[in-house]
């Protein structure tokens with residue numbers, strides 16, 4: 001399977017390139033970076049001391065040479081890549097977060113033309129945690145308060161993280177409510193006593209934290225915590241390759257990591 005990588009010179013892009021080169025069943029076909037990036041014109045494997053023959057480019061038409069693009073960039077870049085993938089009949093895996101509802105609708109529309117895996121987190125462990133959270137929330141829909149905590153590195157630009165939002169959505173789905181109608185995004189000053197049925201969010205940004213997430217179910221006399229911690233980003237890369245393998249025989253459709261893990 002011929003793989004393209006977006007953000008090829010970024011930390012995640014490099015990890016994805018290394019994972020593809022070491023995969024045994026995939027071939028690095030295209031390496032993309034944004035126009036004006038210092039990496040343009042350099043070999044995609046230079047950071048590994050390898051000559052791959054794949055030169056980093058900003059030419060999105062090169063996606064015609066790939067079967068699937070893996071994208072962990074930012075919303076504006078991903079949406080540009082989305083259009084190029086549709087134009088070049090290239091499948092797409094999106095690990096980018098921070099999309100608006102309108103932008104998510106554009107991704108869904110693209111799924112009618114090409115195969116797309118769109119997930120706030122590609123980690124297998126995170127997606128298992130999401131299942132556990134939904135199961136727990138169904139059984140603790142009375143007498144328990146739900147809180148979502150997340151911590152990331154100081155350079156993360158969106159908050160709460162896409163994974164934290166997915167965890168909140170898992171609780172809301174189990175409680176048969178809409179997250180936006182029950183979420184407490186911030187607390188400051190005289191907030192009063194907590195209302196039943198609310199889902200609270202707390203965010204930490206600092207240092208080089210890769211990603212910590214915990215959902216608390218707090219009742220009288222007891223508390224359950226479901227936690228996932230990332231110690232490195234290889235889990236995201238390996239999950240992305242698993243998603244690419246899932247898409248190999250898919251022509252179109254919008255899929256989640258739950259679809260990938262259930263296959």
When (1) in contact with a strand residue (DSSP E or B) (Cβ under 8 Å, 6 or more places away or on another chain); (2) part of a helix (DSSP H, G or I) are applied to residue 242, the one that fails is (1)
Does the stretch 102-111 contain at least one residue that is modelled with pLDDT of 95 or more, outside the structural domain of residue 207 (by TED's automatic domain parsing), part of a loop (DSSP other than H, G, I, E, B) and more than 16 Å from the chain's Cα centre (by Cα)? yes
Filtered residues of the stretch 178-190 (kept if surrounded by 10 or more Cβ atoms within 10 Å (Cβ to Cβ) and over 29 Å from residue 230 (Cα atoms)): 181
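Output the residues belonging to the stretch 1-24 that are buried (at least 24 other Cβ atoms within 10 Å of the Cβ) and either touching a residue at least 40 places away in the same chain (Cβ under 8 Å) or assigned to a loop (DSSP other than H, G, I, E, B) (or both). So that I can check it myself, show each step before the final result.
To start, the set of residues in the stretch 1-24 that are buried (at least 24 other Cβ atoms within 10 Å of the Cβ) comprises 3-8, 13, 16-17, 20.
Result: 3, 4, 5, 6, 7, 8, 13, 16, 20.
Every residue, every condition in (1) more than 30 Å from residue 233 (Cβ to Cβ); (2) assigned to a loop (DSSP other than H, G, I, E, B); (3) modelled with pLDDT of 95 or more; (4) not assigned by TED's automatic domain parsing to the domain that holds residue 214, yes or no:
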site: 150; (1), (2), (3), (4): no, no, yes, no
site: 154; (1), (2), (3), (4): no, yes, yes, no
site: 158; (1), (2), (3), (4): no, yes, no, no
site: 169; (1), (2), (3), (4): no, no, yes, no
site: 173; (1), (2), (3), (4): no, no, yes, no
site: 197; (1), (2), (3), (4): yes, yes, yes, no
Out of the stretch 207-250, which residues are buried (at least 20 other Cβ atoms within 10 Å of the Cβ) and either free of Cβ contacts under 8 Å to residues at least 40 places away in the same chain or more than 20 Å from the chain's Cα centre (by Cα) (or both)? 217
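Working carefully through the options 154, 131, find the one that is farther than 19 Å from residue 78 by Cβ, surrounded by fewer than 17 Cβ atoms within 10 Å (Cβ to Cβ) and free of Cβ contacts under 8 Å to residues at least 60 places away in the same chain. So that I can check it myself, show each step before the final result.
Working: 131 fails: free of Cβ contacts under 8 Å to residues at least 60 places away in the same chain.
154 is the lone residue from the list that is farther than 19 Å from residue 78 by Cβ, surrounded by fewer than 17 Cβ atoms within 10 Å (Cβ to Cβ) and free of Cβ contacts under 8 Å to residues at least 60 places away in the same chain.
Answer with yes or no whether residue 258 is touching a helix residue (DSSP H, G or I) at 6+ places or on another chain (Cβ under 8 Å) and either in a loop (DSSP other than H, G, I, E, B) or farther than 22 Å from residue 67 by Cα (or both). Steps first, answer last, please.
Numbers: touching a helix residue (DSSP H, G or I) at 6+ places or on another chain (Cβ under 8 Å): yes; either in a loop (DSSP other than H, G, I, E, B) or farther than 22 Å from residue 67 by Cα (or both): no.
Considered against the rule, which asks whether it is touching a helix residue (DSSP H, G or I) at 6+ places or on another chain (Cβ under 8 Å) and either in a loop (DSSP other than H, G, I, E, B) or farther than 22 Å from residue 67 by Cα (or both), residue 258 comes out as no.
The values are calculated or read from the model by the stated rules, or taken from the named source; none is laboratory data. Keep in mind the model is a prediction, meaning the values are calculated, not measured. For neighbour counting, all protein chains shown are included, and Cβ atoms are generated from backbone atoms with ideal geometry for every residue, glycine included.
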